[in-house]
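Enquirer: Here you go, one structure.
The values are calculated or read from the model by the stated rules, or taken from the named source; none is laboratory data. Treat the numbers as computed from the prediction; the structure is a model and nothing was measured. Don't worry about glycine lacking a Cβ; one is built from the backbone with ideal geometry, like all the others, and counts go over all protein chains shown. Please note that ligands, DNA and RNA were not included when accessible areas were found on the heavy atoms of the full protein model with its side chains. Shrake-Rupley method; radii C 1.70, N 1.55, O 1.52, S 1.80 Å.
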Amino acid sequence: GAGVSQSPSNKVTEKGKDVELRCDPISGHTALYWYRQSLGQGLEFLIYFQGNSAPDKSGLPSDRFSAERTGGSVSTLTIQRTQQEDSAVYLCASSSRDQLAYEQYFGPGTRLTVT
Amino acid sequence: AQTVTQSQPEMSVQEAETVTLSCTYDTSESNYYLFWYKQPPSRQMILVIRQEAYKQQNATENRFSVNFQKAAKSFSLKISDSQLGDTAMYFCAFMKFGGTYKYIFGTGTRLKVLA
């Protein structure tokens with residue numbers, strides 16, 4: 001089937017505006033992750049959803065960041081009052097607990113630029 | 001807390017040669033997985049190889065193999081017969097078994113295969 005998709009692929013926004021980033025995981029995958037990748041840095045964990053359990057929000061850098069996952073499928077990452085330091089590539093990944101190897105399948109990412 | 005260190009920001013190798021990318025990690029956990037992911041210039045991250053910590057045998061996938069030294073907390077990736085398509089960012093990742101199953105990523109090594 002289709003892989004993980006993300007939209008938009010690129011987003012340019014003005015400082016102070018809100019943005020929404022979307023992730024469509026692989027069908028049937030119960031786990032969904034958001035990561036942030038800054039230039040020259042590794043991937044930074046943001047938030048994790050697993051089925052109907054409460055999400056692990058321990059990686060969200062501030063209360064300007066939030067995410068939801070509707071119907072156990074599509075997820076939206078929202079950044080309010082964007083700042084220039086929010087500029088990065090935001091990656092979404094999904095995985096299936098049925099896979100003992102715990103491989104994560106990544107989307108192509110959304111490149112966010114805050115001007 | 002777990003940390004993952006990749007001490008080689010950039011490397012290059014001649015086509016058909018062998019190259020080794022290094023990764024060290026720090027953890028007090030005994031049950032975990034280690035991964036190498038590849039991110040080509042198009043950005044989509046894909047799994048290269050995985051290693052379960054309880055397995056002493058080093059994982060291999062075609063031209064890719066690892067040298068897993070659990071006591072030394074070292075997990076290097078060897079690419080044999082390098083090909084132009086191996087040009088990418090390579091990320092080492094640690095995942096603790098249980099809980100969120102989130103990855104802790106290193107900062108990556110940019111590998112360029114030269115013709």
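Enquirer: When the residues of the range B:59-73 are filtered to those that are open to solvent by less than 60 Å² (accessible area, probe 1.4 Å) and not charged (D, E, K, R), which remaining residue is farthest from the other protein chains (Cβ to nearest Cβ)?
Expert: Top of the filtered list is B:65.
Enquirer: Would you point out the residue of the range B:13-36, among those that are of a type in the set (Ser, Thr, Tyr) and over 16 Å from the mean Cα position of the chain (by Cα), that is surrounded by the fewest Cβ atoms within 10 Å (Cβ to Cβ)?
Expert: Residue satisfying both the conditions and the ranking: B:28.
Enquirer: Looking at the range A:59-115, what strands (runs of 3 or more DSSP E) fall wholly within it and have at least 3 residues that are in contact with a strand residue (DSSP E or B) (Cβ under 9 Å, 6 or more places away or on another chain), hydroxyl-bearing (Ser, Thr, Tyr) and under 20 Å from residue A:18 (Cβ atoms)? Spell out the reasoning first.
Expert: Numbers: elements: A:65-69, A:75-79, A:88-95, A:110-114.
Because the criterion is at least 3 residues that are in contact with a strand residue (DSSP E or B) (Cβ under 9 Å, 6 or more places away or on another chain), hydroxyl-bearing (Ser, Thr, Tyr) and under 20 Å from residue A:18 (Cβ atoms), the strands (runs of 3 or more DSSP E) in the range A:59-115 that meet it are A:75-79.
Enquirer: Considering only the range B:100-115, how many residues are within 14 Å of chain A (Cβ to nearest Cβ), surrounded by fewer than 21 Cβ atoms within 10 Å (Cβ to Cβ) and assigned to a loop (DSSP other than H, G, I, E, B)?
Expert: 3
Enquirer: If you go through the range B:8-53, how many residues are part of a loop (DSSP other than H, G, I, E, B), among the aliphatic types (A, V, I, L, M) and within 11 Å of another protein chain (Cβ to nearest Cβ)? Outline the logic, then answer.
Expert: To start, the set of residues in the range B:8-53 that are part of a loop (DSSP other than H, G, I, E, B) comprises B:8-9, B:15-18, B:22-23, B:27-31, B:40-45, B:53.
Filter once more, so that each one left must be among the aliphatic types (A, V, I, L, M): B:16, B:45, B:53.
So of that shortlist, the ones also within 11 Å of another protein chain (Cβ to nearest Cβ) come out as B:45.
Result for the range B:8-53: 1.
Enquirer: Residue A:32 versus (1) in a strand (DSSP E or B); (2) away from chain B (no Cβ under 12 Å): which is the lone unmet condition?
Expert: Answer for residue A:32: the failing condition is (2).
Enquirer: From the list A:82, A:113, which residue is among the β-branched types (Val, Ile, Thr), buried (at least 19 other Cβ atoms within 10 Å of the Cβ) and in contact (Cβ under 8 Å) with a residue 60 or more places away in the chain?
Expert: Result of the check over A:82, A:113: A:82.
Enquirer: Something else about it: Specify which of the listed residues (B:74, B:22, B:12, B:28) is without any contact (Cβ under 8 Å) to a residue 24 or more places away in the chain and of a type in the set (Gly, Ala, Ser).
Expert: B:28
Enquirer: Scanning for something at the interface with another protein chain (Cβ under 10 Å from one of its Cβ atoms) and touching a Ser or Thr at 6+ places or on another chain (Cβ under 8 Å), does the range A:61-77 turn up at least one residue?
Expert: Taking the range A:61-77 as the starting set, the residues that turn out to be at the interface with another protein chain (Cβ under 10 Å from one of its Cβ atoms) are none.
No, the range A:61-77 contains no residue that is at the interface with another protein chain (Cβ under 10 Å from one of its Cβ atoms) and touching a Ser or Thr at 6+ places or on another chain (Cβ under 8 Å).
Enquirer: Looking at residue B:43 and the list (1) touching a residue at least 12 places away in the same chain (Cβ under 8 Å); (2) closer than 24 Å to residue A:95 by Cα, which single condition is not satisfied?
Expert: Among (1) touching a residue at least 12 places away in the same chain (Cβ under 8 Å); (2) closer than 24 Å to residue A:95 by Cα, the lone unmet condition for residue B:43 is (1).
Enquirer: Let me ask another. Among the residues of the range B:68-88, are any closer than 25 Å to residue A:47 by Cβ, touching a strand residue (DSSP E or B) at 6+ places or on another chain (Cβ under 6 Å) and in a loop (DSSP other than H, G, I, E, B)?
Expert: no
Enquirer: Are any residues in the range B:52-71 without any contact (Cβ under 8 Å) to a residue 12 or more places away in the chain and hydroxyl-bearing (Ser, Thr, Tyr), and if so, which ones?
Expert: Within the range B:52-71, just B:60 meets the criteria.
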